[in-house]
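First comes the structure, then the notes that go with it.
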Amino acid sequence: MLGAIIGDIVGSRFEFNPTNDYHFELFGEGCSFTDDTVCT
């Protein structure tokens, strides 16, 4: 459960702007909880 929540928050900044770069800061600027986080 915790992994799903963290993954959703970390991936939130890529929801509408996808990237192929795997080298990024996990909790960088633009990360926040989403409606999917709340529903989880």
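Across segment 1-26, which residue is farthest from Thr40 (Cα to Cα) among those that are β-branched (Val, Ile, Thr) and either touching a residue at least 24 places away in the same chain (Cβ under 8 Å) or not in a loop (DSSP other than H, G, I, E, B) (or both)?
Restricting attention to segment 1-26, the residues satisfying the condition of being β-branched (Val, Ile, Thr) are 5-6, 9-10, 19.
Those still in the list that are either touching a residue at least 24 places away in the same chain (Cβ under 8 Å) or not in a loop (DSSP other than H, G, I, E, B) (or both) too: 5-6, 9-10.
Details: Ile5: 7, Ile6: 11, Ile9: 12, Val10: 15 Å.
Applying the filter and picking the extreme gives Val10.
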Cβ-Cβ below 8 Å, separation at least six or inter-chain, first residue in segment 29-40 and more than 11 Å from Ile9 (Cβ to Cβ), second of a type in the set (S, T, N, Q) and surrounded by 10 or more Cβ atoms within 10 Å (Cβ to Cβ): which pairs?
-> none
Considering Thr34, Thr19, which residue is exposed (fewer than 10 other Cβ atoms within 10 Å of the Cβ) and of a type in the set (Ser, Thr, Tyr)?
-> Thr19
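Coordinate-derived values only; no laboratory data. All values derive from a computational prediction rather than experimental measurement. FYI the Cβ positions are ideal-geometry reconstructions off the backbone, even for glycines, and counts take in every protein chain you see.
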